[in-house]
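Here is the structure we will look at.
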Amino acid sequence: MPSILVIDDEKSIRNVLKDILTNEGYKVDEAADGEEGFKKFSETDFDAVLCDIKMP
């Protein structure tokens, strides 16, 4: 199963993306900020990363 990392500071956006992608058959992991996202990205081999470009 392909895996995707979703990085966004807005929980509602992460939830919507996770629901859509999970329903399409993807394994989804999420992060609330760039630091957490980088840590998860460094530890896991994701097939794709979706990242918000404007985060605090």
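Values quoted throughout were computed directly from the atomic coordinates according to the rules given, and no laboratory measurement underlies them. Predicted model only: the values in this text are computed from it and were never measured. Positions of Cβ are backbone-derived with ideal geometry, glycine not excepted, and every protein chain shown enters the neighbour counts.
For region 2-32, enumerate the residues that are of a type in the set (D, E), assigned to a loop (DSSP other than H, G, I, E, B) and under 10 Å from the mean Cα position of the chain (by Cα). Talk me through it step by step, then tell me what you get.
Residues of region 2-32 that are of a type in the set (D, E), as a first pass: 8-10, 19, 24, 29-30.
Narrowing the set further to residues that are assigned to a loop (DSSP other than H, G, I, E, B) leaves 8-10, 24.
Matches in region 2-32: D8 only.
Which is free of Cβ contacts under 8 Å to residues at least 60 places away in the same chain and touching a strand residue (DSSP E or B) at 6+ places or on another chain (Cβ under 7 Å), of G25, G37?
Numbers: G25 fails: touching a strand residue (DSSP E or B) at 6+ places or on another chain (Cβ under 7 Å).
Of G25, G37, the one residue that is free of Cβ contacts under 8 Å to residues at least 60 places away in the same chain and touching a strand residue (DSSP E or B) at 6+ places or on another chain (Cβ under 7 Å) is G37.
Here's the yes/no breakdown for (1) in contact (Cβ under 8 Å) with a residue 12 or more places away in the chain; (2) exposed (fewer than 13 other Cβ atoms within 10 Å of the Cβ); (3) touching a strand residue (DSSP E or B) at 6+ places or on another chain (Cβ under 7 Å); (4) not small (G, A, S):
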{"position": "I4", "(1), (2), (3), (4)": "yes, no, yes, yes"}
{"position": "D9", "(1), (2), (3), (4)": "yes, no, no, yes"}
{"position": "A32", "(1), (2), (3), (4)": "yes, no, no, no"}
{"position": "S42", "(1), (2), (3), (4)": "no, yes, no, no"}
{"position": "L50", "(1), (2), (3), (4)": "yes, no, yes, yes"}
{"position": "K54", "(1), (2), (3), (4)": "no, yes, no, yes"}
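Considering each residue of region 33-52, count those that are assigned to a loop (DSSP other than H, G, I, E, B) and under 15 Å from I7 (Cβ atoms), and give that number. Break it down into steps so the answer makes sense when it comes.
Let us first name the residues in region 33-52 that are assigned to a loop (DSSP other than H, G, I, E, B), namely 33, 44-47, 52.
Remaining after also requiring under 15 Å from I7 (Cβ atoms): 33, 44, 46-47, 52.
Residues meeting the conditions: 5.
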